[in-house]
1. Simple spin-label model, 7 Å along Cα-to-Cβ: Val340 to Asn134 in nm?
2. Report the gain in length on full extension from Ala165 to Leu75: 0.36 nm times residue separation, minus Cα-Cα distance, nm rounded to one decimal.
3. On C-alpha positions alone, give me the angle between the axis of helix 190-205 and the longest principal axis of the chain, in degrees, nearest 10.
4. Using a cut-off of under 16 Å, list every residue of segment 228-256 whose amide N is near the label point 7 Å from the Cα of Val330 along the Cα-to-beta-carbon line.
5. Identify which of Arg318, Arg285, Arg18 has the largest mean-square fluctuation in a Gaussian network model of the chain, with springs joining Cα atoms closer than 10 Å.
6. Using a 10 Å cut-off around each Cβ, can you sort Lys48, Lys348 from fewest to most neighbouring Cβ atoms?
7. Which whole-angstrom value gives the distance between the alpha carbon centres of segment 324-341 and segment 171-247?
8. Can you tell me the order of 104-117, 152-165 when each peptide is scored by its average per-residue count of other Cβ atoms within 10 angstrom, highest first?
Amino acid sequence: MTDSVEQGYSVLPYMKSRYDRVSGALRFNATTHAEYRIWRRRLVAKLKHLTGYNTMRRAPLRPKITETREFEGYLRQRVVIQTEPGIWMPFYVLLPQSSPGPWPAVLAPHGHCSGGKLAVAGCRENKDLDNTINRHNYDYGVQFARAGMIAFCPDARGFGERQEALAKKNILNSSCQWINNMAFPLGQTVAGMWAWDLHRLLDYIETRSDCIPGKVGCAGLSGGGLQTLWASAFDTRIRCAVISGYFYGYKESLLEMHGNCSCNYVPHLYEYADMGDIGALIAPRPLLIETGTRDGLNGASGLKNVETQIRITRRAYRLLGVEENLVWDVFEGEHRWNGVQAIPWLLKHLRNG
């Protein structure tokens, strides 16, 4: 009994040791192109099962443009589509006015404390939104549009207009916990829902004459980086991706920091892959990862915890002979969108790739 008292009663030490024992059954270990293709098929299939992605049901998109407004440098449309039977997703489309279309397109998913699409689309209707945009440089959808790309800024399930009832006291609140509470016992996850909805948004983009066919990227901060990671890993129609403030080892950043939002957690995930393995699924497509030097979500060892995952992903790019397609942009700062390298990098790959 004395030993138990001295060690405390937390299950965290046990969970950390269990992680070491059972993690990584499908970690990246390919040594040839053929092995990479086999590994990729196996891991994508497993992850689609774990996230419940395979349980999602297609439905007619039935798109409807409900509003068009003009702003400095871009037009903004509000559009609604159906992603599953009875599941509707509103989003903003930001159309560049600096050049005639069609344009390359960028999915611009948001993270937390965003009001959903509002912060990414530069909506500063109240003090909270204005503060979060300033703090996180959150209006990257506007930045994309002003740079000459058509930006699609959706409300992920549980955010913005799609908040669940328990979250509606503040537009910055998320509903991830309550959606996962409903979803886990039914074999689904928030992460799977978000990836599915972004892929349905891709389906819609393919119907628009103002988007250049086959020229679609995806870029997001924090929870938007989570969405970018999963959506890009599952669907090769995303030609290039920028993951900002969301690339690190699961053990330090999510197991040890287990107070993070429930949207990060997928049943059985750690048994099969770390984040660098999921990043390797994006190869050989161009991938840029932004990391702030003082981002607290990096984990106890900071940039070292990010670098462990960069190394895993880089091995896949090196194997496929395209190591230059993986860029790690480390900037001085905290948890925020940077964009200094990312925006010209997106333009380069979407115009010339």
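1. 2.2 nm
2. Difference between extended and current length: 29.3 nm.
3. Rounded to the nearest ten degrees, it is 30.
4. Under cut-off, by backbone N: 245-249.
5. Arg18
6. The order, fewest Cβ neighbours first, is Lys348, Lys48.
7. 20 Å
8. Result, highest mean Cβ count within 10 Å first: 104-117, 152-165.
Computed from the coordinates by the stated procedures, all read-outs in this text should not be read as laboratory data. Since the model is a prediction, treat every value here as computed from it, not as a measurement. Glycine gets a Cβ as well: all are built from the backbone with ideal geometry, and neighbour counts include every protein chain shown.
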